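A short write-up of the structure that comes next.
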Amino acid sequence: MSLRAAIINNALRLSLFALCTTALIAGVYQLTANKIEQSQQQHLLASLNELIPASRYNNALLEDTLTINDQTLLHLEQPETAYRARFNQQDIAVIFPVIAPNGYSGKIKLLVAIEPNGTLAGVRVLQHKETAGLGDAIDKNKSDWIDVFTQRSLSNTSSSSWQVKRDGGEFDQFTGATITPRAVVKAVHNALLYYQHHKSQLFSPHPSPLLKERE
């Protein structure tokens, strides 16, 4: 075999090897990506069902969504997804994220569920960096404090009451940690105000593609 033929032959072998390797990597990635996405979807649905049990709705919760983007009340840093729970096309609740920007150790991301009449169905903490043993009591896994918001609304809790007791409100603070619950209470109150401004769009079957802060 000539030198030229040998070079071409080796080049073809290397190309074939590279092609097979690329195809194998792509296949493995696709399988892994699908499993990761499915796991993420299951985890998300489990979080949503903590607020609105699956028995309360029969629509495709992860598909009945809209995009919201509000920096004034919700303090969102990017467009986020809101989920609508319905039972036989009857509105049950809307679930959306809100950020408390002024926690003791930084931003606290919450998930808030609100029923059509403006009543809170529940609140959960998604992310936080609060001090273990003190501020982390906002986490449902650490205490039941977060349940204090369930069934609260703008109509049954006055504006001045949406504060911790140290500030003259109705919500307990933590021993040695007031900043964290203060931030969460304000964020939940802001979520209700946002809902009040956008209720009709949040439950609309054909909402605007992006809900921003009220003009």
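Points to keep in mind about this one:
- Each residue in segment 68-95 was checked for being more than 15 Å from residue 115 (Cβ to Cβ), β-branched (Val, Ile, Thr) and surrounded by 15 or more Cβ atoms within 10 Å (Cβ to Cβ), and 1 pass.
- Test: residue 142 is under 20 Å from residue 46 (Cα atoms), in a loop (DSSP other than H, G, I, E, B) and among the charged types (D, E, K, R): yes
- For the residues 133, 122, 118, 106, the requirement of being small (Gly, Ala, Ser), out of contact with any Cys (no Cβ under 8 Å at 6 or more places or on another chain) and modelled with pLDDT under 90 singles out 133.
- Of residues in segment 145-163 being among the small types (Gly, Ala, Ser) and assigned to a helix (DSSP H, G or I), the one nearest to residue 96 (Cα to Cα): 159
- Scanning segment 127-162 for residues that are free of Cβ contacts under 8 Å to residues at least 60 places away in the same chain and of a type in the set (D, E, K, R), we see that the one that is surrounded by the fewest Cβ atoms within 10 Å (Cβ to Cβ) is 144.
- Residues satisfying the stated conditions in segment 49-96, i.e. of a type in the set (Phe, Trp, Tyr) and either under 18 Å from residue 124 (Cβ atoms) or assigned to a loop (DSSP other than H, G, I, E, B) (or both): 57, 83, 96
- Subset of segment 164-174 (residues that are more than 16 Å from residue 152 (Cβ to Cβ) and either in a helix (DSSP H, G or I) or touching a residue at least 24 places away in the same chain (Cβ under 8 Å) (or both)): 166, 167, 174
- Among (1) touching a strand residue (DSSP E or B) at 6+ places or on another chain (Cβ under 8 Å); (2) in contact (Cβ under 8 Å) with a residue 40 or more places away in the chain, the one test that residue 65 misses: (2)
- Complete set of residues in segment 109-126 that are without any contact (Cβ under 8 Å) to a residue 60 or more places away in the chain and over 13 Å from residue 183 (Cβ atoms): 115, 117, 119
The values are calculated or read from the model by the stated rules, or taken from the named source; none is laboratory data. Since the structure is predicted, the reported quantities are computational estimates derived from the model, not experimental observations. All Cβ positions, even for glycine, are placed from backbone atoms using ideal geometry, and neighbour counts span all protein chains on display.
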